[in-house]
1. DSSP beta bridges in chain C, what fraction antiparallel, as a percent rounded to 5?
2. Over chain C, what is the mean sequence separation of C-alpha contacts under 8 Å (at least six apart), divided by residue count, expressed as relative contact order in percent?
3. Taking amide H atoms as placed 1.01 Å from N in the peptide plane, list the residues 5 or more away in sequence, or in a different chain, whose amide H sits under 5 Å from that of C:L61.
4. Hey, if you put +1 on the Cβ of every Lys and Arg and -1 on every Asp and Glu Cβ in the protein assembly as shown, which of B:C37, A:G9, C:M257 ends up farthest toward the positive end of that dipole?
5. Can you sort A:F352, A:F216 so the residue with the fewest Cβ neighbours within 10 Å comes first?
6. Place a +1 charge on the Cβ of each Lys and Arg in segment A:5-180 and a -1 charge on the Cβ of each Asp and Glu, then give the dipole magnitude about the Cα centre in debye, rounded to the nearest 20.
7. Suppose each label sits 7 Å from its Cα in the direction of the beta carbon; what would the B:C49-B:T31 distance come out to in nanometres?
8. What FRET efficiency, computed as 1/(1 + (r/R0)^6) with R0 = 35 Å and r the Cβ-Cβ distance, is obtained for A:I244 and A:K315, rounded to the nearest 0.05?
Amino acid sequence: MVKPKLMQGNECCALGALAAGVRFFAGYPITPSTEIAEIFSKELPKLGGVFMQMEDEIASLAAVIGASLTGKKAITATSGPGFSLMQENLGFAAVAEVPCVIVNVMRLGPSTGMPTLPAQSDVMQARWGTHGDHSVIALAPSSVKEAFCLTVRAVNLAERYRVPVVLLMDEVIGHLRERVVFQPDEKVVQWERKQCLNPKSSQPFEETADGIPPFFSFGGEYRHHVTGLVHDESGFPTSQREGISRLIRRLHYKITQHLSDIVQVEEFFVDDADVLIIAYGSTARSAQAAVVRAREEGKKAGLLRLITLWPFPEKEVSTAAVNKKAVIVPEMNMGQLALEVARVLPDKNLLFPINRVDGELVTPDEILSVMGRIY
Amino acid sequence: MAKGKHKLHFDREKCKACGICIAFCPANVFTVDIDYCAVISSPDKCTGCRRCELYCPDYCIFVEEDYYG
Amino acid sequence: MCAVYHKYLRLDHLPHIWCPGCGNGIVMGAFIRAMEDLKYDQNEVVVVSGIGCSGRISGYLDFNTLHTTHGRALAFATGIKAAEPRLKIFVFMGDGDATAIGGNHLIHACRRNIDMTAIIINNCTFGMTGGQFSPMTPKGKKASTAPYGTVERNFDIPALAQAAGATLVARVGIYQVNLLRELIVKASHHKGFALLEVISQCPVNYGRRNQMGDPAEMLEDQKGIIKSAGLGQGLENYFGQIFQSEQPEFIEEYNKMIVQAQKKGGCDV
């Protein structure tokens, strides 16, 4: 008999990172993510890892990138204002292809906003927050257990694709305490970054078949140059038009050509549904409750829960939306992911967004009342 | 033991004509060419102090010590 | 060609992008000669730089090199050193890089006393963007954004670093190339955060605007300033090593904490 534990989302996130092999954390205190830093400060030294409290979030992500360049798995955790400060170095990690994970426990914004109240309003910032075209992966857990699993996955994806991965938790999941059961046969699988095996035949930023160059680590056998400037395959700055375009395009396609490996969604009574709810994070819990109650009332509702937010699950959303009478997108923001959903729906009139921006969860009742208007 | 001479090596390709070596050489070894780049005009005067080498921002100059040739 | 150039410079990336007479080249020359003295395995050295003219130094040096974002070089370097303490770290920053946008990282790196050598190449201006005034432009000097002369005062970098907790602090001019080389060696041997302010020159965007003559004249002027050191105010205060003390170093202290934490018992995972 496995003993269930009462655990918090932030706690599971930190433990998931450790299980995934993370041995470096740098961060700055910020509500509602601080518990993550506190757990790392306690556990990392025991494992011989490094916990650093930096002078701000800019330095935090900088130190994480520095640590990752030596080959260590590294992570930072923050919330809205800190995530804003991190955008600069998030872009650096994207263009220099340094694996790292940024946990953003979303709180209501803009600016200082409501530090202790939940929101889902950093969805677009996670995708487009840093300047310039770049690739990024973002995941959104809906339960405490999933905070563990998706942190492991975030670390793995960062390592495999040499890309910054954003774990978009909302404050509800971050601070939620619920029953978590780890089965004895559940194993954490660690993915490792592709290593450079032969420096004579490979370059630190070369265009490989899968788009992901082999990693040369600092302190290893081969010296190389890492820069935030646009660089050629050798890693040195280039101003050749062809080389510039090749890099920017590769940063995109190294993600887009691996969608089947990266994108995850969960279906709940989708196939025969008339009304489809598309939700993520804590809102997906309300959506699931609404589906259950609607089914009890004989209404054919279904839920497509997005686990991967970026790259946006275009194919999954458009497939699930086929023959639906309506698509409801509840979010704790003014309609950010709804923009993406609208982009892939055949008819924009099918879209019914529910937006809550008062620091409260979208309730199942709200979703049911919108459903009632449709039916 | 007899000491060899100092041989000055100068890479004209890299010279940006800043004029530092010319001004700082205590033995007036250098003059300028039509592009204001340095020219080694009086190599025999070189005392081997290496100021030109150490101050050259572009690594154009190298003073070889104990040169026999 | 000089052996030290072959060994430590990425010759295929030269000539460098710097203007004629730029002090960066002289600093980099002194640095590679200091590397010759230090005899470190090149694979075990990391050179980190920020943004601006000085930021390009990392690309020309044959070590593990990292050209970071503006002002953040020390924060990246801190991550590298903490994650892999055996690596020798050298950080190059410009004056705008280190004291304007990177000022916060500078004082905290000093406070942490993490074992690395930071070199601030102070040419009194933001050179790459065309000569705007920096926190190190002396009051009254002209800049593209100070056409009537700056009204702001400049920092005293060594005093700032010492107050913030750096444990080796020195100021040296590029005129003193041999002293610069010696100080880089000394700073690298020092256990803790060592900071060198190197007074450099930007003949094109600073010197020309302030009628300071050609590169050679600017260097000659610096010689005069160094000779009269201690007589005036601001930059003319001191040259050479200013301060050195032994204080607990970050990595050593962290390792002590690891021992303590591991005594307390296993990880909860």
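Just so you know, all these numbers are worked out from the coordinates, no wet-lab data involved. Keep in mind the model is a prediction, meaning the values are calculated, not measured. Heads up, the Cβs are rebuilt from the backbone with ideal geometry, glycines too, and the neighbour counts pull from every protein chain shown.
1. 25 percent
2. 18 percent
3. C:R10
4. After comparing all options, I get C:M257.
5. A:F352, A:F216
6. Numbers: 14 positive and 16 negative charges, 126 e Å.
The dipole magnitude comes to about 600 debye.
7. Each label point is offset 7 Å from its Cα along the Cβ direction, giving 2.1 nm.
8. Approximately 0.70, to the nearest 0.05.
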